[in-house]
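**Q** Structure in structure tokens, see below.
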Amino acid sequence: MADVQSPMTTLTVPKLSARGRDIGFAVGIVIILSVLFLPIPAFMIDLGLACSIAFSVLILMVSLWIQRPLDFSSFPTILLIATMLRLSLNIATTRVILSHGNEGHDAAGHVIAGFASLVMSGDFVIGLIVFLILVVVNFIVITKGATRIAEVGARFTLDAIPGKQMSIDADLSAGMIDEKEARRRRKELEDESSFYGAMDGASKFVRGDAVAGLLITAINIFGGIIIGYFRYGMEISQAADVFVRLSVGDGLVSQIPALIISLAAGLLVSRGGQTGSTDKAVIDQLGGYPRALGMASSLVVVLALVPGLPFLPFAALGGAMAFAGWVIPRRKAEEAAAEQQAEEQRKAAEAKPEDKDSVKQALRTPEIELLLGKQVSTRLLGAHQELAFRVGKMRKKFATQYGFVVPEIKVSDDISIPDKAYQIRIHGTTVASNMLRVGEVLVITGGGRRPSAPGDDVREPAFGMPAVSIIETFTEDLKREGFHPIDNVSVVLTHLSEVIRNNLPQLLSYKDVKILIDRLDPEYKKLADEICTTHMSYSGLQAVLKLLLAERVSIRNLHLILEAVAELAPHVRKTEQIVEHVRVRMAQQICGDLSDNGVLRVLRLGNKWDMVFHQAIKRDTKGEIIEFDIDPRHLEEFSEQATKVVREYLDRGLPFVLVTSPETRSYVRMIVERLFATLPVLSHVELAKGIEIKILGTIS
């Protein structure tokens, strides 16, 4: 039986201990409340006062060693318990002093008698003065300052919550953190606001405790003298000696823990946003400036040499400060060298497996890479930090505009490309390159007015617009003429941005689609699972999103896209047809993104070409489109006319769209994107209500 019962015993013990801890804590609170009403003997008072002093010292030590104030978030609750413990002991000692004070100096216990004898030095007047000084220090200095810091800290913490919340949301939307990290930060923000709000109220406990201690001591003195004189027949001097000694001893025993806890509260709220223990924060900052230590030691040595002042204390202190100012820089240098050596060893350890698996490492290619030639890299060397910053902002802009986070952009040098060139690679393949005119600025003319400064006619690399390249020494002259010169960094980043837009479908991975769906509300996550398990796969949904991104349609409103897909997916299998339906449902967003101040400029497809494209569509007996077969002569003629008309409006710098019929829209887009990759093509049913239409012309 013992062998059978033993495992059961080991399983039930932890549950009993956890339950016993809860019950023990509740019993302790009940005992504190009971002391307020029930008389207790002197030896129990000694035990309670010793617990109060030990408890206050423990709180102070924890306040010194915590890494940040939020790690001691239970401090307001502990402060309330410590305050109630001291007040209940005050009431218990008051009851004993007034009831048995005539029995002598040990009537209220040995702790009070010991403190009275130690602090008063045999004279109760000295003890009274020391007690009043402790009250002034606690109430006027420490408690008042800690209360003010807590009030200001709570106010500014609560005022900063909206900004911090917006920062967390911005980091989440930009892909810098995941949902789990965002929840952790939000929880930390809630805990911080609750902590400082509670500290603002808890500081009133400390202040009230100091006032209560002063009043209780005064009541004990006057009440004890009256009771001793009238009830016990003691002389006034004798009653004053006994009851003042006991009352002041009781006040000292109460005020010392109160002073310690007030100091702990002040240390906690004055830490602010510092991390690390208090000794590290204070000593590191005080000793972090050797020259300040040197100047202070010089002043102290001068004071040691002043006639009339003691030489030894000032000289010893000055020598100690001078020694610290000499030792600290050397110790910091040794620590920095040790850290650098450890960092080098860590990098060497990390590099070993990379060397071992160098073939595998070579197979990993960055998704987006900007390669700079030697002269371009040297030219942009001073702007590398700005380049990295603007690349980061570019990724945030893409996340906001298109609804998903594009991959990291790797910027590196490459000696294999021409010195004045740069290349943009997607998945290791060069998709764009350009020769950069180093030391020159670009002025977009669009075929219009030219600047007076000498320069060469070129094409802007991102959009192919007419421009003039001019030496950058003429920058100020160009600005005075009303032009906007573009520097080398802006030229490269604009080109990179446009290349990324043209390759958005390649950058939307299966993993990105899963992440986007996981961030949706539970209802839409369920809708996505229903679509992708019943009517299509997640890869099919990824294909729909890729086709939208191929025409620069943002997928930021993924829930609307899922609703539109759910409407047609049960009836249609072709991805292209689903995409056309989604576009119609998202007409408001598409037109809003393409309009300019609420005006959508439209270039129409003429009747002739409408007829040509309609005739090129071949259908089966059910009326379903089976192929698109256009005469090559018509295709060549359309390309010439479209290039001539579209180029005219592009050179003017006006944003516009090409509009055609719903059935031919995708085929017109297929032809136009080879001529003008950035020109949007809409159908008549995609023109949203409420959008002002301005017709520019017709291709005919």
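The values are calculated or read from the model by the stated rules, or taken from the named source; none is laboratory data. What you see is a predicted model, and the numbers here were worked out from it, not measured in a lab. For neighbour counting, all protein chains shown are included, and Cβ atoms are generated from backbone atoms with ideal geometry for every residue, glycine included.
**Q** Could we say that residue 612 is touching a residue at least 60 places away in the same chain (Cβ under 8 Å), touching a helix residue (DSSP H, G or I) at 6+ places or on another chain (Cβ under 6 Å) and part of a helix (DSSP H, G or I) here?
**A** On the way: touching a residue at least 60 places away in the same chain (Cβ under 8 Å): no; touching a helix residue (DSSP H, G or I) at 6+ places or on another chain (Cβ under 6 Å): yes; part of a helix (DSSP H, G or I): yes.
Against the criterion (touching a residue at least 60 places away in the same chain (Cβ under 8 Å), touching a helix residue (DSSP H, G or I) at 6+ places or on another chain (Cβ under 6 Å) and part of a helix (DSSP H, G or I)), residue 612 does not qualify.
**Q** Residues that are loosely packed, with under 13 Cβ neighbours inside 10 Å: find the helices (runs of 4 or more DSSP H) completely inside segment 479-541 holding 3 or more of those. Break it down stepwise before answering.
**A** Details: elements: 488-502, 504-507, 510-518, 522-534.
Once the helices (runs of 4 or more DSSP H) in segment 479-541 are filtered for at least 3 residues that are loosely packed, with under 13 Cβ neighbours inside 10 Å, what remains is 510-518, 522-534.
**Q** Taking the criterion of being surrounded by fewer than 16 Cβ atoms within 10 Å (Cβ to Cβ) and under 25 Å from residue 675 (Cβ atoms), would at least one residue in segment 468-478 satisfy it?
**A** No, the conditions are met nowhere in segment 468-478.
**Q** Then there is this: Against the definition (in the same structural domain as residue 567 (by TED's automatic domain parsing), surrounded by 15 or more Cβ atoms within 10 Å (Cβ to Cβ) and not in a helix (DSSP H, G or I)), how does residue 676 come out, yes or no? Even if it seems obvious, please write down each step before you answer.
**A** Working: in the same structural domain as residue 567 (by TED's automatic domain parsing): yes; surrounded by 15 or more Cβ atoms within 10 Å (Cβ to Cβ): yes; not in a helix (DSSP H, G or I): yes.
Yes; evaluated as a whole, the condition is true for this residue.
**Q** Given the criteria assigned to a helix (DSSP H, G or I), in contact with a Gly (Cβ under 9 Å, 6 or more places away or on another chain) and surrounded by fewer than 24 Cβ atoms within 10 Å (Cβ to Cβ), does residue 242 qualify? Outline the logic, then answer.
**A** Details: assigned to a helix (DSSP H, G or I): yes; in contact with a Gly (Cβ under 9 Å, 6 or more places away or on another chain): yes; surrounded by fewer than 24 Cβ atoms within 10 Å (Cβ to Cβ): yes.
Here the answer is yes, as residue 242 does meet what is asked.
**Q** Examine segment 531-548 for a residue that is of a type in the set (D, E, K, R) and modelled with pLDDT under 90, and state whether such a residue exists. Walk me through how you get there before you give the answer.
**A** Here is the first cut: in segment 531-548, the residues of a type in the set (D, E, K, R) are 546.
Keeping just the survivors that are modelled with pLDDT under 90 gives none.
No, segment 531-548 contains no residue that is of a type in the set (D, E, K, R) and modelled with pLDDT under 90.
**Q** May I ask you to verify whether residue 99 is in the same structural domain as residue 226 (by TED's automatic domain parsing), at pLDDT below 80 and touching a Phe, Trp or Tyr at 6+ places or on another chain (Cβ under 6 Å)? Walk me through it before giving the result.
**A** Numbers: in the same structural domain as residue 226 (by TED's automatic domain parsing): yes; at pLDDT below 80: yes; touching a Phe, Trp or Tyr at 6+ places or on another chain (Cβ under 6 Å): no.
No, not satisfied.
**Q** Shifting gears a bit: Which condition breaks for residue 301 when tested against (1) surrounded by 13 or more Cβ atoms within 10 Å (Cβ to Cβ); (2) under 45 Å from the mean Cα position of the chain (by Cα); (3) not basic (Lys, Arg)?
**A** (2)
**Q** Please go through segment 510-528 and pick out each residue that is out of contact with any helix residue (DSSP H, G or I) (no Cβ under 8 Å at 6 or more places or on another chain) and either of a type outside the set (Asp, Glu) or touching a residue at least 12 places away in the same chain (Cβ under 8 Å) (or both). Break it down stepwise before answering.
**A** Here is the first cut: in segment 510-528, the ones out of contact with any helix residue (DSSP H, G or I) (no Cβ under 8 Å at 6 or more places or on another chain) are 511-512, 515, 522-523, 526.
Scanning segment 510-528 gives 511, 512, 515, 522, 526.
**Q** While we're on this one: Touching a helix residue (DSSP H, G or I) at 6+ places or on another chain (Cβ under 8 Å), more than 30 Å from residue 517 (Cβ to Cβ), at pLDDT 75 or above and in the same structural domain as residue 42 (by TED's automatic domain parsing): which single residue out of 268, 215 fits that description?
**A** Details: 215 fails: touching a helix residue (DSSP H, G or I) at 6+ places or on another chain (Cβ under 8 Å).
So the residue among 268, 215 that is touching a helix residue (DSSP H, G or I) at 6+ places or on another chain (Cβ under 8 Å), more than 30 Å from residue 517 (Cβ to Cβ), at pLDDT 75 or above and in the same structural domain as residue 42 (by TED's automatic domain parsing) is 268.
**Q** Can you tell which of 595, 661 is exposed (fewer than 15 other Cβ atoms within 10 Å of the Cβ), of a type in the set (Gly, Ala, Ser) and closer than 30 Å to residue 560 by Cβ? Step through it out loud before you land on a result.
**A** Numbers: 595 fails: exposed (fewer than 15 other Cβ atoms within 10 Å of the Cβ).
Every option except 661 fails the conditions.
**Q** On to the next question. Residues in segment 606-622: is at least one assigned by TED's automatic domain parsing to the domain that holds residue 671 and within 44 Å of the chain's Cα centre (by Cα)?
**A** No, every residue in segment 606-622 fails to be assigned by TED's automatic domain parsing to the domain that holds residue 671 and within 44 Å of the chain's Cα centre (by Cα).
**Q** Another one. Quick check: anything in segment 189-200 in contact (Cβ under 8 Å) with a residue 60 or more places away in the chain, surrounded by fewer than 18 Cβ atoms within 10 Å (Cβ to Cβ) and within 55 Å of the chain's Cα centre (by Cα)?
**A** yes
**Q** Do we find that residue 70 is within 13 Å of residue 264 (Cα to Cα) and assigned to a helix (DSSP H, G or I) in this structure?
**A** On the way: within 13 Å of residue 264 (Cα to Cα): no; assigned to a helix (DSSP H, G or I): yes.
When the stated conditions are applied, residue 70 does not pass them.
**Q** Examine segment 225-239 for a residue that is in contact with a helix residue (DSSP H, G or I) (Cβ under 9 Å, 6 or more places away or on another chain), outside the structural domain of residue 405 (by TED's automatic domain parsing) and closer than 30 Å to residue 392 by Cβ, and state whether such a residue exists.
**A** Within segment 225-239, none of the residues are in contact with a helix residue (DSSP H, G or I) (Cβ under 9 Å, 6 or more places away or on another chain), outside the structural domain of residue 405 (by TED's automatic domain parsing) and closer than 30 Å to residue 392 by Cβ.
**Q** If residue 91 satisfies every condition in (1) at pLDDT 80 or above; (2) more than 18 Å from residue 225 (Cα to Cα); (3) not hydroxyl-bearing (Ser, Thr, Tyr) but one, which is the exception?
**A** For residue 91, the failing item is (2).
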